[in-house]
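**Q** I have a structure here, written as structure tokens, and I will follow up with some questions on it.
The values are calculated or read from the model by the stated rules, or taken from the named source; none is laboratory data. Just so it is clear, the model here is predicted, and its values are computed rather than measured. A quick note on method: Cβ atoms are made from the backbone with ideal geometry, for glycine too, and the neighbour counts reach across all protein chains shown. SASA here: full protein model, heavy atoms, side chains in, ligands and nucleic acids out. Shrake-Rupley method; radii C 1.70, N 1.55, O 1.52, S 1.80 Å.
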Amino acid sequence: MSRLVHLSDLHFGKDRPDLLAPLLQAVNGFSADLVIISGDLTQRAREREYIAARQFIDQIKAPVLSVPGNHDIPVHRPFTRFFRPWRYYRRQISRDLTPVYQGDDFIAVGMNTVDRFKWQTGRVGWSGLRRACAAFGTATTGQLRVLITHHPLDHPRTTKKKPIPGAGRALGQLLDCGADMILSGHLHIWHAGTFAHRARTTRDKTAIQLHAGTSLSTRQRGEPNDFNVIDISSAQIAITRVGFDDAKGQFEKAEARHFDRASQTFID
């Protein structure tokens, strides 16, 4: 059995300092095998924001896998955005924008969906799809194939943000090559479900769609700051949403969902 913790949209530079200690305490308290951050570590991609993000990551006891978000390139500095968009990310966070991590019973594959030309909507390139599918091809029998993006490949009706162009086609290819779960952020809302889209080659193949809200920032979209805990076993996947209770000043388990791996359906 393995445990993943999924954070997103930290937005250092627009963060809540009062949440830093409770968030670290909660994350470290779950003793995860891997902590995943699905983008937007910073608000304006300034170096001081990246330094704060690095200091936060250094206090996480588990290994950390991160992908960038659209806020992690400098939208208000066009020259840097077009020619040196990853300067501070690579200096402070990771040189690898598409990291892969092999666990005992999971493989986590990061995909960079940031587009310096279409800052808000992002993109999924064919090279990124090929790289992700190649990584999934190295998974062993029984390993859960987890993809991490910043931009969701499907949007709930409650958001007005534009989806990635060609997201449905990209999702179909990812399902075809074995994706079991796709973690994302960007929308600052929590969601757990399955994709309506199904793979072309395997009629009953779908995947879990899991959005984290914002774990640390003030831009809450009417929802509490939160993160996800994912427990993986051979029979099922248990997803727990952990939200911040402002009255108590701590993160607490808020709701849970269980997904049966054999039937690919949510149990509750």
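**Q** Condition (residue is closer than 22 Å to Leu171 by Cβ, open to solvent by 10 Å² or more (accessible area, probe 1.4 Å) and not in a strand (DSSP E or B)) applied to segment 205-224: is it met by at least one residue?
**A** So far as segment 205-224 goes, yes, one or more of its residues are closer than 22 Å to Leu171 by Cβ, open to solvent by 10 Å² or more (accessible area, probe 1.4 Å) and not in a strand (DSSP E or B).
**Q** Got at least one residue in segment 152-171 being in a helix (DSSP H, G or I), open to solvent by 60 Å² or more (accessible area, probe 1.4 Å) and of a type in the set (D, E, K, R)?
**A** yes
**Q** Right, here's the next one. Does Arg241 fit the bill of being among the basic types (Lys, Arg), under 26 Å from Ile57 (Cβ atoms) and assigned to a loop (DSSP other than H, G, I, E, B)?
**A** No: the conditions fail for Arg241.
**Q** Give me the pairs: first residue in segment 165-192 and over 15 Å from Ala132 (Cα atoms) and free of Cβ contacts under 8 Å to residues at least 12 places away in the same chain, second residue assigned to a strand (DSSP E or B) and hydroxyl-bearing (Ser, Thr, Tyr), beta-carbon distance under 6 Å, and six or more apart or on different chains, which are they?
**A** none
**Q** Being out of contact with any helix residue (DSSP H, G or I) (no Cβ under 7 Å at 6 or more places or on another chain), under 23 Å from Leu34 (Cβ atoms), in contact (Cβ under 8 Å) with a residue 24 or more places away in the chain and part of a loop (DSSP other than H, G, I, E, B): is that true of Ala139 here?
**A** Criteria met by Ala139.
**Q** Would you check which residues across segment 244-260 are out of contact with any Leu (no Cβ under 8 Å at 6 or more places or on another chain), surrounded by 12 or more Cβ atoms within 10 Å (Cβ to Cβ) and in contact (Cβ under 8 Å) with a residue 24 or more places away in the chain and list them?
**A** Hits for segment 244-260 are Gln250, Ala254, Arg257, Phe259, Asp260.
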